[in-house]
Amino acid sequence: MASMILPLSAMFSDLVHLAGGMGILSGRILRDLFRGPFYFRLLMEQIAVVGMKSLPLILITAGSIGMVMSLQFGLGLEKFGGKLYVPKLVTATVLRELGPVFTSLMVAARVGAGIASEIGSMVVTQQIDAIRALGTSPIKKIVIPRVLACLITLPLLVAVTNIVATLGGLVVGVTELRLDANFYYLKVLGTAGLPDYFSGIAKSVFFALFISIPACYYGLNVKNGTREVGLATTKAVVSASILILVGDFFLTKLLWMIEKWA
Amino acid sequence: MGMIEVVDFKKSFGAKVVHNGVTFYVKKGECLGLIGGSGAGKSVILRSLIGLEKPDEGRIIIDGENIAAMRENELVGVRKKVAYVFQGGALFDSMTVYENLAYPLREHTRMEETAIKNRILEQLAEFGLQGSESLYPGNLSGGMQKRVGLARAMMMNPEIVLYDEPTAGLDPYNTKVIQEHILNLKNRGVTSILVTHDMPTAFAVCDKLAFLLKGRIGAQGTLEELKKDPQGLITKFINGEAS
Ligand SMILES: Nc1ncnc2c1ncn2[C@@H]1O[C@H](COP(=O)(O)OP(=O)(O)OP(=O)(O)O)[C@@H](O)[C@H]1O
Ligand SMILES: [Mg+2]
């Protein structure tokens, strides 16, 4: 019994530590966000990095998601004569769930890992110390550009996923399920309401924070050399993925509540 | 009054007590040599003098201001006049040598790009680094990285310079270049602390030496005083009989 409680309590205190550390980092980000100097060029650079790094990956995943969903729904519903609902179903699931979640998971794996390892090696080689020693702030020069770049780019990438996945669904709908392309297209337009878009995009804003803040946190907290950089990278991706998947449930619930209200 | 005063400085990492009441001061224009065994905590003291590390207890007074109590954003002023020459250079590896040297000027001054360029070329020449401005740190030798780090620290004409083993791993010629550079700055009234294991350099440029031993200053004095005391701790340290 004790052998189970001990690791559990250690895990709990680790979690408290972690939450505290990320909370403090978030506080410092918020405070420095509105205090000059602002590094607009660094932000632009990071937006380009985030976009370039993830776009190819996202095009592939988005296309596959749309095609697979269309196929699954199509074959499943055919038995009940429900093939005509495929466009509606695919569009709704992509816009509300799969688009934001899959895109964010891909960005976590690609960009989150990159941020954690880059910052981690900057710590090990004392570059973060050098930024401070030269009278500048690593929060402003390194952390904020990366967090903002994720916040700005992820919703755009989700929009790309939505379009590509819908196209993928349409292609399979037409070729495999023998649906009329025009019918599919009109159904998509008819289904995709503003709340669907809004819900997906709103989620992705939270997911951007779930990716970038742990990545920066684990990177900055690398202590003893290069081995820890790899560890930090793994931790950043794992916690981002968990936060995205668990957070998705609560965000979905929250967003439905807001929609009912409005 | 000292330009740098460290009073009863205490610092531990976890259970490991590194400093247990270190006190020393450096007058304006003086160069203090800080010596001590590996792991004695020399780098930790230098890092604390520029606010990278917070003391657990004690005061650190730089030009009349106690920086131990300052918050990160209040330290900017101190960091503009105190330069820290990192043990390993600590260059930004995503930037060229030129951009590394331009960094402090672009952050803290409104200098024109041509003025920045002239200043950089002048600094590169001073440390024998001509022609390396478009290289990345990854493509420099260890000794060159060190000298670029030194050049970057000098960009803002600091009043105080903290050197962390600036000559370790350098060839005799470049060691001499750095010795001359430190002496030059001293003649211009720059205050400095030199952490080193390189005793010839310490004797060449320092006015006094302090020996860090077991978390305190075990012995200190001017070079003359130390020479007169052949049984002293510092002499023993230099001869490899104490650490
Ligand atoms: N961030 C830290 N966390 C834990 N321990 C630390 C940290 N920084 C320094 N130490 C410990 O403090 C002690 C002094 O370190 P420091 O780097 O100041 O030594 P040093 O005198 O500069 O040695 P060297 O001559 O080898 O450079 C070492 O035992 C080191 O392990
Ligand atoms: Mg050291």
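The values are calculated or read from the model by the stated rules, or taken from the named source; none is laboratory data. Quick caveat, the model's predicted, so the values are computed rather than measured. We place every Cβ from the backbone using ideal geometry, glycine too, and count neighbours over all the protein chains shown. When the accessible area is computed, the model is the full protein with side chains, heavy atoms only, and any ligands, DNA or RNA have been set aside. Shrake-Rupley method; radii C 1.70, N 1.55, O 1.52, S 1.80 Å.
Tabulated values for the structure
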{"read-out": "Solvent-accessible area, 1.4 Å probe, carbon plus sulfur percent, for region A:196-246", "value": "72 percent"}
{"read-out": "Candidates B:K227, B:K214, B:K146: whichever shows maximal mean-square fluctuation once chain B is modelled as a Gaussian network with Cα springs under 10 Å", "value": "B:K227"}
{"read-out": "Share of carbon and sulfur in the accessible heavy-atom surface of chain B [1.4 Å probe, %]", "value": "49 percent"}
{"read-out": "Value of D in µm² per second that Stokes-Einstein yields for region A:38-261, Kirkwood Rh from Cα pairs, at 25 °C (0.890 mPa s)", "value": "132 µm²/s"}
{"read-out": "Burial of 10 Å² or greater, region A:111-126 residues [accessible area, probe 1.4 Å, versus chain by itself]", "value": "A:T125, A:Q126"}
{"read-out": "C-alpha long axis of helix B:97-108 to longest principal axis of chain B, angle in °", "value": "80 degrees"}
{"read-out": "Area hidden from solvent between A and B (accessible, protein heavy atoms only, 1.4 Å, total, Å²)", "value": "1500 Å²"}
{"read-out": "Whole-Å semi-axes of region B:137-198's equivalent ellipsoid (Cα gyration tensor)", "value": "19, 14, 10"}
{"read-out": "29 Å tail of the calculated P(r), the protein assembly as shown, as % of Cα pairs", "value": "60 percent"}
{"read-out": "Surface accessible to a 1.4 Å probe, per residue, for the residues of region B:1-56, Å²", "value": "38 Å²"}
{"read-out": "Those lysines that a straight Cα-Cα span of less than 23 Å connects to B:K228, excepting residues fewer than 8 apart in one chain", "value": "B:K27, B:K208, B:K236"}
{"read-out": "Distance between region A:24-56 and region A:133-206 - C-alpha centres, whole angstrom", "value": "20 Å"}
{"read-out": "Across A:K140/B:K54; B:K80/B:K146; A:K223/B:K186; A:K223/B:K176, pairs whose alpha-carbon gap is larger than 31 Å", "value": "A:K223/B:K186; A:K223/B:K176"}
{"read-out": "Virtual spin-label span in nm between A:L6 and A:F250, 7 Å along Cα→Cβ", "value": "3.2 nm"}
{"read-out": "Residues in region A:26-59 that, when all protein chains are in place, have 20 Å² or more less accessible area than the chain alone would give (probe 1.4 Å)", "value": "A:R35"}
{"read-out": "Cα-projected label distance for A:V171 with B:H197, points at 7 Å along beta-carbon direction, nm", "value": "6.2 nm"}
{"read-out": "For region B:53-123 and region B:178-243, distance of Cα centres in Å", "value": "25 Å"}
{"read-out": "Sorted largest first, extent of region B:45-107 alpha carbons per principal axis (Å)", "value": "39, 22, 17"}
{"read-out": "Bridge type composition, region B:99-243 - antiparallel percent by DSSP, nearest 5", "value": "55 percent"}
{"read-out": "Heavy-atom accessible area per residue - region A:38-261, 1.4 Å, Å²", "value": "47 Å²"}
{"read-out": "Sites matching chymotrypsin sites (Phe, Trp or Tyr not before Pro) across region A:14-108 that sit in DSSP coil, with at most 10 neighbouring C-beta atoms within 10 Å", "value": "A:F34, A:F80"}
{"read-out": "Loop trypsin sites (Lys or Arg not before Pro), region A:186-239, which have at most 11 other Cβ atoms in a 10 Å radius of their Cβ (DSSP)", "value": "A:K223"}
{"read-out": "Whichever aspartates and glutamates have a C-alpha closer than 18 Å to that of A:K235, once near sequence neighbours (fewer than 8 apart) are set aside", "value": "A:D14, A:E118"}
{"read-out": "Partner lysines for A:K83 [C-alpha distance under 30 Å; skip if fewer than 8 residues away on the same chain]", "value": "A:K187, A:K203, A:K253, A:K260"}
{"read-out": "Theoretical FRET efficiency, 1/(1+(r/R0)^6), r = Cβ-Cβ of A:Y85 and B:D93, R0 45 Å, to 0.05", "value": "0.25"}
{"read-out": "Debye log10 I(q)/I(0) at q = 0.11, 0.12 Å⁻¹ for region B:97-243, Cα point scatterers", "value": "-0.50, -0.59"}
{"read-out": "Exposure of A:M22 as accessible area (Å², to 10), given a probe of 1.4 Å and all protein chains", "value": "30 Å²"}
{"read-out": "Relative contact order for region B:22-74, counting Cα pairs under 8 Å that sit 6 or more residues apart, in percent", "value": "19 percent"}
{"read-out": "Buried on assembly, region B:90-125 (at least 20 Å² less accessible surface than by itself, 1.4 Å probe)", "value": "B:A90, B:F92, B:D93, B:Y103, B:E107, B:H108"}
{"read-out": "At least 27 Å along the helix axis (C-alpha) and Kyte average at least -1.0, DSSP helices within chain A", "value": "A:2-33, A:40-78, A:144-175, A:194-220, A:226-261"}
